[in-house]
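Enquirer: Attaching a single structure in structure tokens format; questions to follow.
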Amino acid sequence: MSRSLLAPLLLVLLLVSPTLSAELEVPSVFSDHAVLQRGVAVPIWGRGEPGSTVTVQFGPHEVSTQVEESGAWRVDLPALEASDLGRSLHIRSGEEHIVCKDVLVGEVWVCSGQSNMEWSVSASDGADEVILGGDHPRLRVIRPSHLLSTKPEFTTGATWTVATPQTIGEFTAVGTAFALELIAALDVPVGLLAIHWGGTRAEPWTDRASLRKHPLFGASVAEFEVEVAKWANRDQARIREEHAAAVARYEESMKPWWEEQLARDRDHRVAGGGQGNWIETGFDDSQWGTMPLPGLWRDQEGLADFDGIVRYRRGVAIPRSWVGRELVLTLGPLDDADRVWFDGVLVGQTTHSHNTPRRYTVPAELVTEGRHVIALTVLDTGGAGGGTGGPSSYRLSPAGDASVRPPFLSLHGPWLCEAGVAFDGRFGAGRPSLPVDPTRRSTGPGLIHDAMLRPFIPYAIRGATWYQGESNANQAEAYRELLPLMITSWRQAWGQGNFPFGIVQLAAFKAASDDPNQGGWAHLRDAQRHAHRVTVETGLVVTTDIGDANDIHPRNKKEVGRRLALWARAKVYEQWLMHTGPVFSEVVRAEEGEGSVASTVRVFFTEAKGMKTTDGLPAAGFGVSSDGEEWHWATGTISRSSVTLTHPLGEVIRHIRYNWSDNPVRGNVVNADGLPMEPFRWDAPAN
């Protein structure tokens with residue numbers, strides 16, 4: 001190529017090509033106040049200009065590498081000793097220089113799961129004490145925002161925070177208690193990768209490739225990927241138009257149902273005289289009570305447990321400047337269904353949508369100067385009932401022209417009201433919901449894994465703790481496969497071997513049952529127990545004794561963290577201590593030994609040193625059955641590492657359950673350190 005042609009060609013390339021240089025960058029996990037894992041190789045990675053040299057220096061250690069053609073680079077610092085001395089981590093490439101200050105070396109743990117792991121110190125028992133004493137410079141936490149992605153992300157943007165009285169209140173309560181126990185026991189700094197999201201299932205936390213290969217989950221992944229591909233080519237305006245048309249068709253189809261409800265209500269006595277005319281302007285409402293909007297029925301005397309119709313009325317004075325103008329009537333979300341009239345003329349209805357703000361049009365021909373009446377029927381089919389949203393959600397205003405004065409009339413505050421007929425339990429089809437981009441739903445397989453975990457991989461860690469399962473409680477059998485699969489996918493992605501993984505079993509929740517074989521959440525706990533048994537280097541923390549029947553978020557998070565720390569200290573750090581309560585081992589016939597069943601059996605346990613009951617009474621919480629159909633409670637006698645059970649009717653015991661319910665309040669067996677017995681099931685082998 002001639003020199004005369006080369007220069008113009010280079011100029012064109014510079015104008016049309018992307019930048020030829022790449023800025024040196026690292027994931028945000030490498031930031032001020034970070035904690036690096038002691039005793040193992042420490043990966044440091046990032047992106048830079050292909051072919052350039054990157055040098056990483058920490059204390060006396062300095063390692064260099066060349067950036068790959070893809071722009072990626074990684075070095076591994078040699079194993080480091082624990083240190084409270086805050087040092088700087090230097091990352092250089094040419095003239096570029098990244099410095100992470102006040103970096104410690106100690107133990108790094110992932111704290112992950114749903115809301116019970118996310119639950120904050122400030123919302124837990126003993127918060128004042130923890131916050132007041134929250135000056136812990138050796139405890140650091142990094143917590144990413146809730147993020148979703150269909151591809152592995154490079155960074156979350158989150159940075160490390162040092163524990164102080166001003167910051168510790170927002171830390172994960174379970175993780176904080178766990179970390180403080182380790183700091184006290186090991187005398188080293190602890191860093192937490194607090195990667196959690198309330199209400200999430202386990203599927204989005206699992207690598208999609210792993211799910212795709214599994215026979216139980218492959219089909220759902222394929223469906224998700226097809227949905228993602230379809231959504232990518234959809235016109236968003238068209239989606240909204242189609243949804244609006246579907247809602248209109250739905251509301252039209254529900255008119256007969258509405259008329260049936262209103263006919264039932266017309267047969268109900270209306271205070272003030274007359275039937276059915278309460279929606280009209282001249283109705284005598286002097287005998288009606290009042291109720292605020294927004295406001296929930298459960299907060300009103302006489303309506304706390306009411307499901308059915310409540311009628312509302314409110315007078316408005318239309319100003320002269322509004323005459324002949326179309327009006328917009330906005331109301332906050334109403335629980336669950338409503339019909340609205342303006343001077344007896346129906347202007348809107350919404351069927352079965354408790355979280356949708358209402359927006360109705362009042363025709364211009366109805367708008368005259370003076371007093372008018374808005375009448376509102378609200379039908380609650382279950383739950384709180386009433387209106388939600390902020391006060392500004394309740395207003396009447398002219399459509400379009402914002403210059404009209406007054407711009408709106410406020411409708412929040414007291415409305416006249418009266419309870420109507422109770423709901424009869426019959427309801428039609430559900431209201432169509434607006435389609436949602438599948439990549440924006442937190443249930444999507446692998447979406448959280450790619451967005452929130454991948455930016456931390458392969459950061460050097462000691463292990464992980466996991467408190468999740470509530471959102472998968474109705475699919476316990478699948479969870480038996482899913483949780484081990486998730487753990488394996490994490491370990492493969494991190495590339496740090498079978499790092500320790502602590503599983504928190506679901507706490508007690510819901511009303512107590514007198515059924516020895518209720519099941520419920522016991523099946524999910526058993527799936528967690530199964531995952532622990534089949535997956536190496538895992539631990540199981542039992543929490544059936546520290547739940548809350550009325551709250552899925554029990555507030556005693558400190559004890560959950562302490563029990564996780566007991567497991568870590570015993571199994572990961574090899575300290576000699578009891579870390580779990582009694583664990584089921586086997587059942588033998590009391591009088592002859594192994595291999596048969598009888599009306600009296602001995603149940604043997606491991607981890608049973610000092611086994612006793614919490615109340616000094618016989619061992620309780622055991623259900624027994626001869627046929628697996630009819631169950632009875634049985635009390636037991638403790639003898640060292642066994643419990644002797646006798647069928648109360650003298651029948652042969654072929655099935656045993658312990659604490660086999662949502663909220664197992666009967667179980668009272670612990671070991672010498674007060675750690676509760678694991679829930680378990682046993683069925684005699686078929687002959």
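Taken together, the values in this text are just the output of simple stated rules run on the coordinates, not laboratory data. Since the model is a prediction, treat every value here as computed from it, not as a measurement. Neighbour counts are summed over all protein chains in view; Cβ atoms, including those assigned to glycine, are modelled from backbone coordinates with ideal geometry.
Enquirer: Give, rounded to the nearest 20 debye, the magnitude of the charge dipole that the chain has about its Cα centre when Lys and Arg contribute +1 at Cβ and Asp and Glu contribute -1 at Cβ.
Expert: Its charge dipole is roughly 960 debye.
Enquirer: Sum -39500 (n - 2.57) across every DSSP H segment of at least 4 residues in the chain, then divide by the residue count to get the 222 nm mean residue ellipticity, nearest 500.
Expert: Roughly -6000 deg cm²/dmol at 222 nm, from the helical runs in the chain.
Enquirer: Could I ask something else about it? So what's the gap between the Cα centers of region 138-191 and region 106-127, to the nearest angstrom?
Expert: 9 Å
Enquirer: Specify whether the C-alpha gyration tensor of region 583-683 places it in the rounded, prolate or oblate class, a ≥ b ≥ c being the square roots of the eigenvalues: rounded for a/c under 1.5, otherwise prolate if a/b is larger than b/c and oblate if not.
Expert: oblate
Enquirer: Projected onto the charge dipole of region 583-683 (+1 at Lys/Arg Cβ, -1 at Asp/Glu Cβ, origin at the Cα centre), which of VAL583, ASN663, GLY616 gives the Cα projection farthest towards the positive end?
Expert: GLY616
Enquirer: Now a separate question. Cut-off is 10 Å between beta-carbons; in what order do SER410, SER513 appear when sorted fewest neighbours first?
Expert: Lowest count first: SER410, SER513.
Enquirer: Taking LYS609 as the anchor, which lysines have their alpha carbon closer than 22 Å to its alpha carbon, excluding any fewer than eight residues away along the same chain?
Expert: LYS609 reaches LYS571.
Enquirer: Using alpha-carbon positions, what is the distance between the centroids of region 55-69 and region 513-585, in Å?
Expert: 43 Å
Enquirer: Quick one: grab the alpha carbon gyration tensor of region 102-230, order the square roots of its eigenvalues as a ≥ b ≥ c, and give me rounded if a/c is under 1.5, else prolate or oblate depending on whether a/b is larger than b/c.
Expert: Verdict is prolate for region 102-230.
Enquirer: How large is the dipole of region 66-168 about the Cα centre if only Lys and Arg carry +1 and Asp and Glu carry -1, each at its Cβ, rounded to the nearest 20 debye?
Expert: Result for region 66-168 is approximately 160 debye, rounded to the nearest 20.
Enquirer: Quote the relative contact order of region 611-687 in percent (integer), defining contacts as alpha-carbon pairs under 8 Å separated by 6+ residues.
Expert: Once divided by the residue count of region 611-687, the mean separation gives 33 percent.
Enquirer: Once the piece of chain linking THR53 and ALA184 is laid out straight, how much longer is it, given 0.36 nm per residue of separation minus the C-alpha distance between them?
Expert: Stretched fully, the THR53-ALA184 segment lengthens by 43.0 nm.
Enquirer: Given LEU334, LEU262, GLY218, which one lies farthest toward the positive end of the charge dipole of the chain, if we put +1 on the Cβ of every Lys and Arg and -1 on the Cβ of every Asp and Glu?
Expert: Checking the options against the dipole of the chain, the answer is GLY218.
Enquirer: How high is the relative contact order of region 255-422, in percent, with contacts defined as C-alpha pairs under 8 Å that are six or more residues apart?
Expert: Result for region 255-422 is 33 percent.
Enquirer: Follow-up question, since we're still on this one. If I take every Cα pair under 8 Å that is 6 or more residues apart in the chain, average their sequence separation and divide by the length, what percent do I get for the relative contact order?
Expert: Relative contact order of the chain: 13 percent.
Enquirer: Placing +1 at every Lys and Arg Cβ and -1 at every Asp and Glu Cβ, with all other atoms neutral, what dipole size does region 255-422 have around its Cα centre, in debye to the nearest 20?
Expert: 520 debye
Enquirer: Related question: With unit charges on the beta carbon (Lys/Arg positive, Asp/Glu negative), name the residue among ALA422, GLY383, TRP322 whose Cα is farthest towards the positive pole of the charge dipole of region 255-422.
Expert: TRP322
Enquirer: For region 255-422, what class follows from the C-alpha gyration tensor (a ≥ b ≥ c being the square roots of its eigenvalues): rounded when a/c is under 1.5, otherwise prolate if a/b is larger than b/c, else oblate?
Expert: Taking the square roots of the gyration eigenvalues as a ≥ b ≥ c, region 255-422 is prolate.
Enquirer: Can I ask one more? Could you please rank CYS100, CYS111, placing first whichever residue has the fewest other Cβ atoms within 10 Å of its Cβ?
Expert: Fewest to most other Cβ atoms nearby, the residues stand as CYS100, CYS111.
Enquirer: Could you list SER392, SER220 so that the one with the fewest beta carbons within 10 Å of its beta carbon is first and the one with the most is last?
Expert: Ranked by crowding around the Cβ, least crowded first: SER392, SER220.
Enquirer: Roughly how many nanometres apart are two label points built 7 Å out from the Cα toward the Cβ at LEU132 and ASP284?
Expert: 6.3 nm
Enquirer: Determine, at each q value in 0.09 (inverse angstroms), the log₁₀ of I(q)/I(0) that the Debye formula gives when each Cα of the chain is one equal point scatterer.
Expert: Result of the Debye calculation: -0.99.
Enquirer: Given region 397-500, report the % of alpha carbon pairs whose separation exceeds 20 Å.
Expert: Tail of the P(r) past 20 Å holds 69 percent of the pairs.
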